[in-house]
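Scroll down for the structure; my scribbles are underneath it.
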Amino acid sequence: MFENLQGFFESTMGQVIVIAVIAVFFFLIVFPMGAQKEKKMDTKAITISALLIALAVGLGQIKLFEMPYGGTVTVFSMLPVALCGYILGIRRGVMAGMCVGLLNLIFGPYVIHPVQLLVDYPFAFGALGLAGFFSESGKNGLTKGYLLGLFSRYICAVVSGIVFFGAYAPEGFNAVTWSLFYNFTYLAAEGILTVVIISLPPVKKALEGLKKQL
C-alpha cells in the first residue's frame, strides 16, 4: 500500500507539499501566542529561527560517520535546534526542529510508511526543541536542555527501529535490543562531542551571552 512513498517524496509534487508544510510550521514559529508583549519578538524570532534552521541543515550535511542502516554522526547539527528551543522557548524550538526534519526529508528521504515518516523526520527533530524546558534553569541550562532533546530524539529513533526496521537486527539481537544499541551508537557519539564543546568555558559563556542579548 505504501510502496510508492519513497518515489513520491523524491518527486517534484512531493517536495512541493513538504515545502508547504514547512511554511505552515514556520508560520507557527512567528505567530504570537500568549501575552501581548510577545508580539515584539516576532521579527527577532523569525530571524533567529531561520538562521538556526539553516545552520542545522547545513551542519547535517557534514557527516563524520554514516551508519549502514541509517543514522549519522554530524558536526553538531542537533545543537542549533536545541539552541532555538533554549532561546525562544519550547513551542518555537519544536516547530523549528520540525522544519529541519522536513528539510532533511527533501534532501535525503527514506520513507516506507507514513508513521515512520513522522517519527523519523518531524517528530525526531522536533523533539530537540524540548531543550526549552531548561530555558530558565540557570547554570548548565543549555547542556541539560540539549541532553533532554537528544534523549527525546533517541526515543523516536528507537521506536522507529523497533517497529519498522527490526528485520535488520543481526543474529543475537531482537528488534528491541538492536534498536536500542544501534541508535545509541551514533546519537551518543555526536551527543558526547557536542556536550564537551558547549561545556568549554569560552563557548559556554558565549552561548549564554547570546541568549541574554536575544
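Per residue of the chain, what 222 nm ellipticity follows from adding -39500 (n - 2.57) for every DSSP H run with n ≥ 4, rounded to the nearest 500?
-21000 deg cm²/dmol
For helix 201-213, report the angle its Cα long axis makes with the longest principal axis of the Cα atoms of the chain; keep it between 0 and 90° and round to the nearest 10°.
70
Peptides 144-151, 171-178, 51-58, 121-128: what's the order by average Cβ count within 10 Å, highest mean first?
Ranked from most to least packed, the peptides come out as 121-128, 144-151, 51-58, 171-178.
Just name one of Ile22, Asn174, Pro109: the one whose Cα is farthest towards the positive end of the charge dipole of the chain (beta-carbon charges, Lys/Arg +1, Asp/Glu -1).
Sorting the options by dipole projection puts first Ile22.
With θ taken as phi - 60° and the coefficients 6.51, -1.76 and 1.60, list the Karplus ³J(HN,Hα) couplings across the range 115-121 in order, rounded to whole Hz; mark glycine and proline as x.
So the J values, rounded to whole Hz, are 5, 4, 4, 5, 5, 7, 10.
Would you tally the net charge around Cys99, using a Cβ to Cβ cut-off of less than 14 Å, leaving Cys99 out, and scoring K and R as +1, D and E as -1?
Summing Lys and Arg as +1 and Asp and Glu as -1 gives +2.
By how many nm would the segment from Val196 to Phe8 grow when fully extended, if each residue of separation counts as 0.36 nm and the alpha-carbon distance is taken off?
Gain in length upon complete extension: 63.7 nm.
Could you list Glu190, Glu10 in order of exposure, starting from the residue whose Cβ has the fewest other Cβ atoms within 10 Å? Show your work: numbers first, answer last.
On the way: Glu190 21, Glu10 13.
Lowest count first: Glu10, Glu190.
Quick one: which residues, 5 or more positions from Thr74 or on another chain, have an amide H under 5 Å from its amide H? H modelled 1.01 Å from N in the peptide plane, none for Pro or chain starts.
Distant-sequence amide H within range of Thr74: Leu64.
For the chain, find the longest principal axis of its Cα atoms and tell me its angle to the long axis of helix 42-60, 0 to 90°, nearest 10.
Helix 42-60 sits at roughly 40 degrees to that axis.
Using the count of nearby Cβ atoms within 10 Å as a rough guide to exposure, how do Ile87, Ile192, Ile112 rank from fewest to most?
Ile192, Ile112, Ile87
Tabulate in residue order the Karplus-calculated ³J(HN,Hα) for the range 75-88, using 6.51 cos²θ - 1.76 cosθ + 1.60 with θ = phi - 60°, rounded to whole Hz; enter x for Gly and Pro.
Taking θ as phi minus 60°, the curve returns 8, 6, 5, 7, 5, x, 5, 4, 5, 4, x, 5, 8, 9 Hz for the range 75-88.
Using alpha carbons only, how many degrees (0 to 90, rounded to 10) separate the axis of helix 12-30 from the longest principal axis of the chain?
So the helix axis and the longest Cα principal axis differ by about 30 degrees.
If you average the sequence gap of Cα pairs under 8 Å that are 6 or more apart and divide by the length of the chain, what percent do you get for the contact order?
It comes to 19 percent, rounded to a whole number.
Order by neighbour count: Cys156, Cys99, fewest other Cβ atoms within 10 Å first, most last.
Numbers: Cys156 22, Cys99 30.
In order of increasing Cβ crowding within 10 Å: Cys156, Cys99.
Just to confirm a number: summing +1 for Lys and Arg and -1 for Asp and Glu over residues other than Leu83 whose beta-carbon lies under 14 angstrom from that of Leu83, what do you get?
+4
Computed from the coordinates by the stated procedures, all read-outs in this text should not be read as laboratory data. What you are looking at is a predicted structure, and each value in this text was computed from that prediction instead of being measured. Don't worry about glycine lacking a Cβ; one is built from the backbone with ideal geometry, like all the others, and counts go over all protein chains shown.
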